[in-house]
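Below you'll find the structure, written out as structure tokens, and then a few comments.
The values are calculated or read from the model by the stated rules, or taken from the named source; none is laboratory data. This structure is a prediction, so every number in the text was calculated from the model and none was measured. Methodologically, a virtual Cβ is constructed for each residue, glycine included, from the backbone with ideal geometry; neighbour enumeration extends over all protein chains shown. Quick note on the areas: whole protein, heavy atoms, side chains included, nothing else; ligands and nucleic acids left out. Shrake-Rupley method; radii C 1.70, N 1.55, O 1.52, S 1.80 Å.
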Amino acid sequence: MRYAFFPGCMMPVKYPGHESATRIIAEMLGIELVDMPFSCCSAPTLLRLVHYESWLALAARNLALAEQEGLNILTVCNGCANTLKEAALVLRNDPALKKKVNEVLKPWGKEFTGEIEVKHLLDVLRDDVGVEAIRSKTEKTFSFRIGIHYGCHLFRPPRIMYPDRLSPSKHFLPTQMDEILDATGMNPVQYNRRLLCCGSGLGTKVDLDAANQITREKLSHMADKDVQAICVGCPSCFEQFDRGQVILNRKENCDYKMPVFYITQLLGLAFGVPEEKLGFDQHRTKVTALLDGGGR
Amino acid sequence: MKRPGLFNEELLYECYQCARCTGSCPAAFAVDGFNPRNILLTYLRLGIEAVITDEKLWCCTTCHVCEDRCPQLIDVADLLCSLMNEAAMQGHIPEKVRASAEMILRTGRALLVSRRVDSIREKLGLKPLPEVPMEEVEGILDQTGMAVLIG
């Protein structure tokens with residue numbers, strides 16, 4: 001299993017600990033990650049809304065880079081997965097547009113051909129590595145109640161993100177993270193509004209306080225089900241829940257204390273990776289009380 | 001491209017204003033006055049100028065739940081994307097969005113890689129981030145027109 005590693009902007013810059021956890025887990029599970037000079041993907045909540053053509057061309061450049069190496073792309077961020085999958089699909093289906101974009105790339109020795117696949121880490125873990133391999137690497141089990149947040153851009157719109165896996169009603173419901181955590185013996189619980197937005201896309205563009213109201217709605221449903229930890233597969237969702245709790249507690253007298261984990265951090269704990277390699281010191285909502293208090 | 005005019009406008013007339021998009025919309029829940037149903041209607045009735053000057057247009061989180069739930073299968077989120085593209089074209093870009101777009105234009109990444117970032121990475125045993133070939137990224141964004149829009 002060899003992939004072009006697409007770290008995106010958020011993980012390597014804001015949460016290097018997530019990247020460290022991801023690289024360690026990848027190595028343990030036999031996934032080889034190849035680094036390449038990728039740029040911003042660029043974000044579906046940003047450049048796509050400002051200038052679609054530029055967004056498409058930048059995405060095509062990133063795709064072309066991986067194509068030159070003949071490698072499929074592994075993304076660790078929902079936004080990157082969303083952009084790269086949509087751009088690839090749009091360009092594959094529209095030869096005129098593909099030609100236009102390739103003319104922009106040509107002076108830089110690149111061409112989008114559409115030959116590679118873009119996969120989110122969750123799909124690589126569940127489908128390529130497989131839950132049995134994850135089960136066999138597990139050394140420690142944790143009993144805390146986990147609220148899984150998949151995040152919108154992982155699977156919406158389904159016609160773009162999972163066109164081959166649509167239900168008869170053309171929908172798609174993600175289960176990867178549940179299956180992965182189940183394999184480690186952890187305890188994901190159901191809660192209301194599980195598949196809804198974290199709010200990040202509103203906060204980064206216009207109004208962080210309003211975005212935190214969306215986050216609060218999700219947190220309240222998690223709290224209703226006594227969730228003790230939140231698990232995400234996207235660094236933007238991570239920030240929204242991790243920082244959101246701190247701000248809500250300060251500004252609105254809330255009392256949320258649900259540490260947020262990127263999926264590979266939880267796998268790291270389960271596989272017995274030393275905690276100092278998992279980057280918990282970058283978290284705003286502290287994990288110590290949970291990990292020290294009978295969670296293990 | 002998904003700019004208005006190239007968006008399938010006929011489809012918008014299929015909207016019967018049930019407001020399921022808006023009832024499902026996290027941004028409508030959080031921001032008073034952001035209303036996808038009403039944006040669609042206003043666009044059809046009063047034209048594009050009436051919707052693109054309002055900064056609230058940018059409150060869409062792009063979660064695509066509206067599209068997931070629309071009984072008429074209208075891609076509401078894509079309509080909003082088109083409208084934001086047109087708004088940006090006419091200079092209506094929220095400050096935060098402009099700043100982030102500028103960061104990509106200048107550095108190739110949406111976030112600044114500071115020395116602090118490098119030292120945290122080093123402590124974790126991570127390599128420094130590979131340089132983004134900026135001449136190339138700038139060249140591409142110049143060619144497609146983003147540089148003019150933001151720069």
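Could you tell me which residue of segment A:246-289 is surrounded by the fewest Cβ atoms within 10 Å (Cβ to Cβ), considering only residues that are under 17 Å from A:MET222 (Cα atoms) and in contact with a Lys or Arg (Cβ under 6 Å, 6 or more places away or on another chain)? Looking at residues that are under 17 Å from A:MET222 (Cα atoms) and in contact with a Lys or Arg (Cβ under 6 Å, 6 or more places away or on another chain), I get A:VAL246. When segment A:157-186 is filtered for residues that are part of a helix (DSSP H, G or I), more than 18 Å from A:LEU125 (Cβ to Cβ) and basic (Lys, Arg), only A:ARG159 remains. Here's a check for you: in segment A:5-50, which residue that is of a type in the set (D, E, K, R) and in a helix (DSSP H, G or I) is farthest from A:ILE160 (Cα to Cα)? Top of the filtered list is A:GLU27. The single condition among (1) within 25 Å of B:ARG106 (Cβ to Cβ); (2) assigned to a helix (DSSP H, G or I); (3) at pLDDT 95 or above that A:GLU53 does not meet is (3).
Pairing each residue of segment B:69-88 that is at the interface with another protein chain (Cβ under 8 Å from one of its Cβ atoms) and closer than 17 Å to A:ASN82 by Cβ with any residue that is buried (at least 24 other Cβ atoms within 10 Å of the Cβ) and of a type in the set (Lys, Arg), provided the two are 6+ apart or on different chains, yields C-beta distances under 7 Å for B:CYS81/A:ARG48. For segment A:21-50, taking the residues that are within 15 Å of the chain's Cα centre (by Cα), facing another protein chain (nearest Cβ under 9 Å) and of a type in the set (Ser, Thr, Tyr), the one that is nearest to B:SER114 (Cα to Cα) is identified as A:SER42. Being part of a helix (DSSP H, G or I), open to solvent by 10 Å² or more (accessible area, probe 1.4 Å) and under 19 Å from B:PRO94 (Cβ atoms) is a property that holds for A:GLN213. Quickly run through segment A:107-131 and pick out the residues that are open to solvent by 70 Å² or more (accessible area, probe 1.4 Å) and touching a residue at least 40 places away in the same chain (Cβ under 8 Å). Of everything in segment A:107-131, those that are open to solvent by 70 Å² or more (accessible area, probe 1.4 Å) and touching a residue at least 40 places away in the same chain (Cβ under 8 Å) turn out to be A:TRP108, A:GLU111, A:GLU115, A:GLU117. Counting only helices (runs of 4 or more DSSP H) that sit completely within segment B:45-151, those holding 3 or more residues that are surrounded by fewer than 20 Cβ atoms within 10 Å (Cβ to Cβ) and charged (D, E, K, R) correspond to B:95-107, B:115-123, B:134-144. Can A:GLY151 be described as assigned by TED's automatic domain parsing to the domain that holds A:ILE214, crowded, with 20+ Cβ neighbours inside 10 Å, on the phi > 0 side of the Ramachandran plot and among the small types (Gly, Ala, Ser)? Answer is yes for this residue. Within segment B:8-29, not a single residue is more than 25 Å from A:LYS218 (Cβ to Cβ), open to solvent by less than 30 Å² (accessible area, probe 1.4 Å) and of a type in the set (S, T, N, Q).
Would you confirm whether any residue within segment A:83-106 is surrounded by 24 or more Cβ atoms within 10 Å (Cβ to Cβ), within 30 Å of A:VAL131 (Cα to Cα) and at the interface with chain B (Cβ under 10 Å from one of its Cβ atoms)? No: segment A:83-106 contains no residue that is surrounded by 24 or more Cβ atoms within 10 Å (Cβ to Cβ), within 30 Å of A:VAL131 (Cα to Cα) and at the interface with chain B (Cβ under 10 Å from one of its Cβ atoms).
Looking across segment A:188-239 at every residue that is farther than 25 Å from A:PHE6 by Cα and among the polar types (S, T, N, Q), the one that is nearest to the other protein chains (Cβ to nearest Cβ) is identified as A:GLN213.
Filtered by the rule that a residue be farther than 18 Å from B:MET84 by Cα and surrounded by fewer than 24 Cβ atoms within 10 Å (Cβ to Cβ), segment A:197-210 gives A:LEU208, A:ASP209, A:ALA210.
Of all the listed residues (A:VAL131, A:VAL76), the sole one being among the β-branched types (Val, Ile, Thr) and touching a strand residue (DSSP E or B) at 6+ places or on another chain (Cβ under 9 Å) is A:VAL76. Scanning segment A:93-134 for residues being within 27 Å of A:ARG2 (Cα to Cα), assigned by TED's automatic domain parsing to the domain that holds A:GLU53 and among the small types (Gly, Ala, Ser) gives a total of 2.
The lone criterion from (1) more than 14 Å from chain A (Cβ to nearest Cβ); (2) at pLDDT 95 or above left unmet by B:LEU57 is number (1). Based on what the data block shows, is A:LEU33 open to solvent by 10 Å² or more (accessible area, probe 1.4 Å) and under 30 Å from A:VAL273 (Cα atoms)? Judged against the criteria, A:LEU33 is a match.
What is the residue count in segment A:38-48 for residues that are out of contact with any Asp or Glu (no Cβ under 9 Å at 6 or more places or on another chain) and in contact (Cβ under 8 Å) with a residue 24 or more places away in the chain? Total meeting the criteria: 7.
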